[in-house]
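S.K.: Sharing a structure with you now.
The values are calculated or read from the model by the stated rules, or taken from the named source; none is laboratory data. Source: prediction; values computed, not measured. Counting neighbours? That spans all protein chains shown, and the Cβs are built from the backbone with ideal geometry, glycine included. These accessible areas exclude ligands, DNA and RNA; they are computed on the full protein's heavy atoms, side chains included. Shrake-Rupley method; radii C 1.70, N 1.55, O 1.52, S 1.80 Å.
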Amino acid sequence: MPESVCVLGLGLIGGSVMRAARAAGREVFGYNRSSAAVEAAGADGFDASNDLAATLDRAAREQALIVVAVPMPAVGGVLGEIARRAPGCPVTDVVSVKGPVAAEARARGLDARYVGGHPMAGTAESGWAAGDAALFEGATWVVSVDEGRDPAVWRRVAALALDCGAVVVPAASKEHDDAAARISHLPHVLAESLAIAGAQGGALALALAAGSFRDGTRVAGTAPALVDAMCEANSEALLLVLDEVLGTLREARAALAEHSSTSALTAAGHAARQELEHRGAGRKVIEGIVPGEPGWLEALREAGRAGAVLVALPGEDPR
């Protein structure tokens, strides 16, 4: 029988994990601080509680896989409770940064049972009602391959991602955070900036706003506190990529001012977008790397750096 899953935090991602894991045949139960979310989950037929101690006691009895799905500012406190009440359980998370969560896990003595995770999926909505069992279908789910990871825990975390319909990309925490700054956190900063620019144009500008503006500002609809939590937790990597982008914009401004030309910017941007399209069309599948065998972590790191994905655990049939 598939192992049980304990989800701590029933927002968009945590709620979607509960739904997807149950759809895959797993027993699921969860916790949320807000009684409203607990009541909503219960109304939808899910086993949820706002008693963290009782939830973790149950996780300890069942040796459930614990999924931490709270915002980064709450991670330390939740991990502290896990260390006190369910230290023997395997632990993962779905937080958008990996280095800071890994550091919190080490600080609380959970490193040996922790493997980080980050599903690269979401919407601008939040809360239990926004969750969707199909949210992760075909999505990428990062599973960390830092040194010292327990292969048995790693398999359990990867199996959950696969059961939820995702493909797994293995990555070291720092490499994940550097990449996430570029493709997840920077887009939020740019979307906020673009939304502000449109609003500063007044009612006419907003009346004329069409597809490109709506698409470019979509994630600015995310609750500001959630954006702050992810961007501030990854500030070092985000600052580096922001400096790169500001340099690109300064060069584009200079070219427009001096030569009335945007061609260098548009040509480079178009080429970069085409590279993304072509890469997504034919991803390499990871095969033959067995967690626990000599060199398995480095082999998975190399595969992840090359953009390869895991679609099934060794010894199991692909979905």
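S.K.: Pairs, please: C-beta under 6 Å, at least 6 apart or cross-chain, first residue touching a residue at least 60 places away in the same chain (Cβ under 8 Å) and in region 2-14, second among the charged types (D, E, K, R) and part of a loop (DSSP other than H, G, I, E, B)?
M.R.: Here the result reads PRO2/ARG26; SER4/GLU27; VAL5/ARG26, each pair linking region 2-14 to a residue that is among the charged types (D, E, K, R) and part of a loop (DSSP other than H, G, I, E, B).
S.K.: Which of the numbered conditions does VAL97 fail, given that it passes all the others? Conditions: (1) open to solvent by 20 Å² or more (accessible area, probe 1.4 Å); (2) assigned to a loop (DSSP other than H, G, I, E, B); (3) of a type in the set (Val, Ile, Thr).
M.R.: The number of the failed condition is (1).
S.K.: Still on this structure, I have one more. Between a first residue in region 174-202 that is without any contact (Cβ under 8 Å) to a residue 60 or more places away in the chain and a second residue that is among the acidic types (Asp, Glu), which pairs have beta carbons less than 9 Å apart while being 6 or more apart in sequence or on different chains?
M.R.: Matching pairs, first to second residue: ARG182/GLU244.
S.K.: Look at ARG283 and say whether it is assigned to a loop (DSSP other than H, G, I, E, B) and either in contact (Cβ under 8 Å) with a residue 40 or more places away in the chain or surrounded by 12 or more Cβ atoms within 10 Å (Cβ to Cβ) (or both).
M.R.: In short, yes.
S.K.: Have a look at ALA161, ALA203, ALA199 and point out the one that is in a helix (DSSP H, G or I), farther than 23 Å from LEU246 by Cβ, open to solvent by 50 Å² or more (accessible area, probe 1.4 Å) and of a type in the set (A, V, I, L, M, F, W, C).
M.R.: The conditions single out ALA203.
S.K.: Provide a single number: the residues in region 139-176 that are under 17 Å from CYS6 (Cα atoms) and either at pLDDT below 95 or of a type in the set (Lys, Arg) (or both).
M.R.: Residues meeting the conditions: 2.
Quick grid of which residues meet (1) in contact with a Ser or Thr (Cβ under 8 Å, 6 or more places away or on another chain); (2) touching a residue at least 60 places away in the same chain (Cβ under 8 Å); (3) not polar (S, T, N, Q):
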{"site": "THR55", "(1), (2), (3)": "yes, no, no"}
{"site": "ARG61", "(1), (2), (3)": "no, no, yes"}
{"site": "VAL70", "(1), (2), (3)": "no, yes, yes"}
{"site": "LEU79", "(1), (2), (3)": "no, no, yes"}
{"site": "ARG84", "(1), (2), (3)": "no, no, yes"}
{"site": "PRO90", "(1), (2), (3)": "no, yes, yes"}
{"site": "ALA139", "(1), (2), (3)": "no, no, yes"}
{"site": "GLU147", "(1), (2), (3)": "no, yes, yes"}
